[in-house]
Amino acid sequence: MGGDRCARCTLRANSVRSFTPPLCAIDADHPERAVDDALVSSGYSVLDRQSMSALVGRPLPLEDWSLYWTDLPPDHYLRDGGRYRRRRYGCFVADDASLVHTERRSHWQPVEYNALHGGIERWFEPLTPELVDDAAWSALLLSLSARASALRGKERWFIEAHQFRIDTADGIGRPTPEGAHRDGVDLVAVMLVARSNVRGGETRVFDADSPRGVRFTIEEPGTTILLDDEKVLHESTPIQPTGATPGHRDTLVITLRADGFQGDRPSM
């Protein structure tokens, strides 16, 4: 996804060292309050599956959704020569309670945010209709757009959704080959869907304007990280198999941007 490599790739001595996820404590009746406060104060919020379901307003059917990660096509655009990443991709526009699935389009990022893969049109296979038509899917995207509006003010949100599978068939998989980065959007959500027979994949979040950072490993499906893309950089370390059988790490990455999809002219 982005490409803002810097010295923050190695946590410095004054970084916050946290290897278990620093979960956000929410009020079940008003889960959005703690999430919004955390995004404003620290630039990120980490939610477990139960808290994320409360934020969305319905259970997340991850056991059903995980089936849609089993047939992801290979990512043929990896410039490091790797074969460890598979993905699907889709775009949406959210306006208040309205959500529109747009026509298929390429994924494009400027080189300022993705030095490895920026500046090229990448055409990925679309999300499956079964996932897009799931009521919980729409509820998830609309709940994230509400959090983006709470963070930036009410906007029309341009949403990009990426299904990723990083595997260890060749011995190592790199969730973020571009390193610590921003995505050039307003809000980023990273949800763990499944994790099997792997070690590593540590999440690292860094302040954009200071050497402070936090590190932790997400292992429970449904755990979700929300990131204010203006305030923080993020990365995930490589994964390796835990035994002779290759493993994988499945994630859902969703980005929201107010000024149109990257590559489009800003809305007037």
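Restricting to the stretch 226-268, count the residues that are of a type in the set (Ser, Thr, Tyr) and in a loop (DSSP other than H, G, I, E, B).
4
For the condition modelled with pLDDT of 95 or more and of a type in the set (Gly, Ala, Ser), what is the one hit in Ser106, Ser98?
Ser98
Search the stretch 205-246 for residues being free of Cβ contacts under 8 Å to residues at least 40 places away in the same chain and among the acidic types (Asp, Glu), and hand back the single one that is surrounded by the fewest Cβ atoms within 10 Å (Cβ to Cβ).
Out of the qualifying residues, it is Asp209.
Restricting attention to the stretch 54-81, and to residues there that are part of a helix (DSSP H, G or I) and among the small types (Gly, Ala, Ser), which single residue is farthest from Thr251 (Cα to Cα)?
Ala54
Tell me, which strands (runs of 3 or more DSSP E) lie completely within the stretch 82-196 with 3 or more residues that are more than 27 Å from Asp36 (Cβ to Cβ)?
Qualifying strands (runs of 3 or more DSSP E): 85-95, 157-167, 187-196.
Please find, within the stretch 158-175, the residue that is nearest to the chain's Cα centre (by Cα) out of those that are surrounded by fewer than 22 Cβ atoms within 10 Å (Cβ to Cβ) and either closer than 15 Å to Tyr84 by Cα or polar (S, T, N, Q) (or both).
It comes out as Arg174.
Give me the residue from the stretch 144-157 that is within 14 Å of Val93 (Cβ to Cβ) and in contact with a helix residue (DSSP H, G or I) (Cβ under 8 Å, 6 or more places away or on another chain) and, out of that set, surrounded by the most Cβ atoms within 10 Å (Cβ to Cβ).
The extreme case among them is Trp157.
Is it the case that Ile254 is on the phi < 0 side of the Ramachandran plot, touching a residue at least 60 places away in the same chain (Cβ under 8 Å) and under 14 Å from the mean Cα position of the chain (by Cα)? First the steps, then the outcome.
Numbers: on the phi < 0 side of the Ramachandran plot: yes; touching a residue at least 60 places away in the same chain (Cβ under 8 Å): yes; under 14 Å from the mean Cα position of the chain (by Cα): yes.
Taking the combined requirement at face value, the residue satisfies it.
Considering only residues that are of a type in the set (Gly, Ala, Ser), under 17 Å from Ser143 (Cα atoms) and either in a loop (DSSP other than H, G, I, E, B) or within 19 Å of the chain's Cα centre (by Cα) (or both), which ones fall in the stretch 27-53?
Ala28, Ala38, Ser45, Ser51, Ser53 - these are the residues of the stretch 27-53 that are of a type in the set (Gly, Ala, Ser), under 17 Å from Ser143 (Cα atoms) and either in a loop (DSSP other than H, G, I, E, B) or within 19 Å of the chain's Cα centre (by Cα) (or both).
For the stretch 65-104, how many residues meet the condition of being in contact with a helix residue (DSSP H, G or I) (Cβ under 9 Å, 6 or more places away or on another chain) and either over 14 Å from Ala139 (Cα atoms) or surrounded by 14 or more Cβ atoms within 10 Å (Cβ to Cβ) (or both)?
10
Can you find a residue that is surrounded by 22 or more Cβ atoms within 10 Å (Cβ to Cβ), small (Gly, Ala, Ser) and out of contact with any helix residue (DSSP H, G or I) (no Cβ under 6 Å at 6 or more places or on another chain) anywhere in the stretch 125-143?
No: zero hits.
Can you name every residue in the stretch 201-226 that is aliphatic (A, V, I, L, M) and closer than 17 Å to Arg174 by Cα?
Filtering the stretch 201-226 for residues aliphatic (A, V, I, L, M) gives 205, 208, 214, 218, 225-226.
Within the stretch 201-226, Val205, Ile218 meet the criteria.
Restricting the search to the stretch 197-222, which residues are modelled with pLDDT under 95, not in a strand (DSSP E or B) and not hydrophobic (A, V, I, L, M, F, W, C)?
Hits for the stretch 197-222 are Asp209, Ser210, Pro211, Arg212.
The values are calculated or read from the model by the stated rules, or taken from the named source; none is laboratory data. Everything numeric here is computed off the predicted structure, so don't read it as measured data. Note: ideal-geometry Cβ built from the backbone for every residue, glycine included; neighbour counts use all protein chains shown.
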